[in-house]
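Enquirer: Quick one: the structure is below, questions incoming.
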Amino acid sequence: MRFQDKVVIVTGGASGLGEATALEFAKEGAKVVIADLSEKGQGYSEELNAQGYDTIFVQTNVAKEDDVKNLLSKTVEKYGKLDVMVANAGINIEADLHELDFDKWQKVIDVNLTSVYLSDKYAIEQFLKQGNGGVIVNTGSIHSLVARNGLTAYSASKGGVKMLTQQVASRYSKEGIRANAIAPGYIETPLMNTLSQDVIDSLVGLHPMGRLGKPVEVAKTVLFLASDDASFISGAILPIDGGYTAV
Ligand SMILES: NC(=O)c1ccc[n+]([C@@H]2O[C@H](COP(=O)([O-])OP(=O)(O)OC[C@H]3O[C@@H](n4cnc5c(N)ncnc54)[C@H](O)[C@@H]3O)[C@@H](O)[C@H]2O)c1
C-alpha cells in the first residue's frame, strides 16, 4: 500500500480521470478528498466509503479562490494534513480563435489554468506549514505540447499548466516539493461527449496504438508520479498518449 495514511486531494474527482484516480489512491491506502463542482462527488465518496475506503467530498469550484481555500481547510480539519494535490478538474469549449467569445475563453482559462494556480498555491502553502515537502500532479494534456484546430482556449490553458508546473518544480524543489504534469492523449471519459463520433474516429487514427486511452491508464501514471518511485522526477510533463505526440 504505497499511500497508506497519505492524504490526497483530487479535483474533478467525481468523473472521468479524477474518478479513476481517486479510486486508485483509495485502493493504495490513501485518505482521498474528492473535490468537484458536481454533487455527484458526494454519492461517489459514499460509494467508496461503503467499500471500506476513507474519503470525503468537498463541493468546490476550483476556479474560485474562496472555494479552494475552503477545500484545504476542510481537508486539514478532517485529516490533519495534505500529502498530494492532484489538480485535475478541467473543461473544453471548442471554437476557432476568430469565433471564440471572450466569456468562453475566460471560462476555459479560469477552470483549466487559474484553478491549477489556486490548487497548487494553497497546497504549497499547506506543505510549507507542514515542513516536510509534498507532491503535486497537474493535469495537462497532449495539447500542452501540440495544437489541434478548435482547441484554442483549451490548448492555451494547458500550455499554461505545463509552464506553471515547471515553475513550481523550479522554485519549490529545495523545500522538498515535487511537481509534475501529465499529458493525456484522448481518453474514454465523459469529456469526450463534447465531440462528435466522426471527430472521435479521426482522433483514434492519431494515436499510433490505434485506440483511445482508458482512465485507469492515466490514474496509474498519476500514482506513479505521486509515489516515492518518482523521487527524482520534478518539472516533467509526461505524455500518456499511445504515441500521439511521438509522431
Ligand atoms: N478525457 C480526455 O481525453 C482528456 C485528455 C487530456 C486531458 N484531459 C484533462 O483531464 C481532466 C479531467 O478530464 P475528464 O476527461 O476526466 O473530464 P470529465 O468531464 O469526465 O471530468 C471533469 C470533472 O471536473 C469537474 N469540474 C468541471 N469544472 C469544475 C470546476 N469549476 N470546479 C470543480 N470541478 C469542476 C466536473 O464536474 C467533472 O466531474 C481535465 O483537466 C481534462 O482537460 C482529458
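The values are calculated or read from the model by the stated rules, or taken from the named source; none is laboratory data. Every value quoted in this text rests on a predicted model; they were computed, and no experiment measured them. Cβ placement follows ideal geometry from the backbone for every residue including glycine, while neighbour counts extend to all protein chains displayed. Note: areas computed on protein heavy atoms with side chains; ligands, DNA, RNA excluded. Shrake-Rupley method; radii C 1.70, N 1.55, O 1.52, S 1.80 Å.
Enquirer: Please determine, by comparing only the residues of the range 59-83 that are within 8 Å of the ligand (Cβ to nearest atom) and touching a Leu at 6+ places or on another chain (Cβ under 6 Å), which one is nearest to Thr114 (Cα to Cα).
Expert: Per the criteria, the residue is Asn61.
Enquirer: So Asp103 passes all but one of these: (1) free of Cβ contacts under 8 Å to residues at least 12 places away in the same chain; (2) surrounded by fewer than 15 Cβ atoms within 10 Å (Cβ to Cβ); (3) closer than 25 Å to Leu23 by Cα; (4) not aromatic (Phe, Trp, Tyr). Which condition number does it fail?
Expert: Unmet condition: (3).
Enquirer: Across the range 31-58, what is the total count of residues that are crowded, with 16+ Cβ neighbours inside 10 Å, among the hydrophobic types (A, V, I, L, M, F, W, C) and more than 14 Å from the ligand (Cβ to nearest atom)?
Expert: 3
Residue-wise test of (1) in a helix (DSSP H, G or I); (2) over 11 Å from the mean Cα position of the chain (by Cα); (3) within 21 Å of Phe224 (Cα to Cα); (4) modelled with pLDDT under 95.
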| site | (1), (2), (3), (4) |
| --- | --- |
| Met85 | no, no, yes, no |
| Ala89 | no, no, yes, no |
| Asn92 | no, yes, no, yes |
| Lys104 | yes, yes, no, no |
| Ile109 | yes, yes, no, no |
| Asn112 | yes, no, no, no |
| Val116 | yes, no, yes, no |
| Ser119 | yes, no, yes, no |
| Gln126 | yes, yes, no, no |
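Enquirer: Okay, next question. Would you confirm, using the coordinates I've provided, whether Val108 is away from the ligand (no atom under 13 Å from the Cβ) and open to solvent by less than 30 Å² (accessible area, probe 1.4 Å)?
Expert: When the stated conditions are applied, Val108 does not pass them.
Enquirer: Taking Gly13 as the residue in question, decide whether it is assigned to a loop (DSSP other than H, G, I, E, B) and within 16 Å of the ligand (Cβ to nearest atom).
Expert: So Gly13 fits the description; yes.
Enquirer: A further question follows. Just one of (1) within 12 Å of the ligand (Cβ to nearest atom); (2) in a helix (DSSP H, G or I); (3) within 15 Å of Val135 (Cβ to Cβ) trips up Phe25, so point out which.
Expert: (1)
Enquirer: Turning to a different aspect of this structure: When you scan the range 39-54, how many residues do you find that are charged (D, E, K, R) and under 19 Å from the mean Cα position of the chain (by Cα)? Walk me through how you get there before you give the answer.
Expert: From the range 39-54, those charged (D, E, K, R) are 39-40, 46-47, 54; that's our starting set.
Narrowing the set further to residues that are under 19 Å from the mean Cα position of the chain (by Cα) leaves 39-40.
Residues in the range 39-54 being charged (D, E, K, R) and under 19 Å from the mean Cα position of the chain (by Cα): 2 in total.
Enquirer: Right, here's the next one. Output the number of residues of the range 84-99 satisfying the condition of being away from the ligand (no atom under 12 Å from the Cβ) and either closer than 22 Å to Ser15 by Cα or crowded, with 17+ Cβ neighbours inside 10 Å (or both).
Expert: Selection size over the range 84-99: 3.
Enquirer: Separate question: Would you mention how many residues in the range 65-79 are open to solvent by 60 Å² or more (accessible area, probe 1.4 Å) and in contact with a helix residue (DSSP H, G or I) (Cβ under 8 Å, 6 or more places away or on another chain)?
Expert: 2
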